[in-house]
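Before any comments, here is the structure.
Values quoted throughout were computed directly from the atomic coordinates according to the rules given, and no laboratory measurement underlies them. In this text, all values refer to a predicted model and were calculated from it rather than measured experimentally. Note that we place each Cβ from the backbone using ideal geometry, even for glycine, and neighbour counts take in every protein chain shown.
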Amino acid sequence: MAKILKIDEDIITIGTDDGKMREVRREDLNFEPKVNDNIEIYEGETSIIVAKKEEPQSQASEQGININVQNTQGYPNNGQPIYVANGTKAVNKVVYCILAFFLGGLGIHKMYAGKVGTGIVYLLFCWTIIPSIIAFIDFIIGLCKHADSNGNILV
């Protein structure tokens, strides 16, 4: 396989497989040359054409890691929540804080955040003032968190 070794203004120096060097004019190339480009040389009786050799895309090795990432705006699937690692969920900051402030003692903000079990515990112990105090702390924490571009926070 031939490679481009050196590029001068109009002269391109090419190293061939047999260890020889050739010089061709820039107009003989059908692409913008870069040093170390793999190329193929086609010679006719009166002309020469140099084409860039396309490298086949290699398949991922068995030892490698393939990561597929999708970036979606807002909630995909008609308002379904986005779950993130470690059991957190992206929720709207304003809605979460309003629920924590007004209905937090009943655990509604926890249920909104997808933590239904915790919300039920809040509901069962709402007659003690403890869930209301914890909900007020959740309200303050929710206010202090930075929202993303969609107004969501991780809870």
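Going through segment 135-153 one residue at a time, which ones are out of contact with any strand residue (DSSP E or B) (no Cβ under 7 Å at 6 or more places or on another chain) and in contact (Cβ under 8 Å) with a residue 24 or more places away in the chain? Break it down into steps so the answer makes sense when it comes.
Taking segment 135-153 as the starting set, the residues that turn out to be out of contact with any strand residue (DSSP E or B) (no Cβ under 7 Å at 6 or more places or on another chain) are 135-141, 143-144, 146, 148-150.
Ala135, Phe136, Asp138, Phe139, Leu143, Asp148, Asn150 - these are the residues of segment 135-153 that are out of contact with any strand residue (DSSP E or B) (no Cβ under 7 Å at 6 or more places or on another chain) and in contact (Cβ under 8 Å) with a residue 24 or more places away in the chain.
When you scan segment 1-22, how many residues do you find that are free of Cβ contacts under 8 Å to residues at least 24 places away in the same chain and loosely packed, with under 12 Cβ neighbours inside 10 Å? I'd like the intermediate steps shown before the answer.
Our first condition is that a residue be free of Cβ contacts under 8 Å to residues at least 24 places away in the same chain; within segment 1-22, this holds for 8-11, 13, 15, 17-22.
Okay, now just the ones that are also loosely packed, with under 12 Cβ neighbours inside 10 Å, so 8-11, 17-21.
Going through segment 1-22 one residue at a time, the tally reaches 9.
Of the residues in segment 113-155, how many are touching a helix residue (DSSP H, G or I) at 6+ places or on another chain (Cβ under 6 Å) and of a type in the set (Val, Ile, Thr)?
Residues flagged as touching a helix residue (DSSP H, G or I) at 6+ places or on another chain (Cβ under 6 Å) and of a type in the set (Val, Ile, Thr) within segment 113-155 amount to 2.
Just one of the numbered conditions (1) closer than 16 Å to Tyr96 by Cα; (2) free of Cβ contacts under 8 Å to residues at least 12 places away in the same chain is not true of Ile130; which one?
Ile130 satisfies all of (1) closer than 16 Å to Tyr96 by Cα; (2) free of Cβ contacts under 8 Å to residues at least 12 places away in the same chain except (1).
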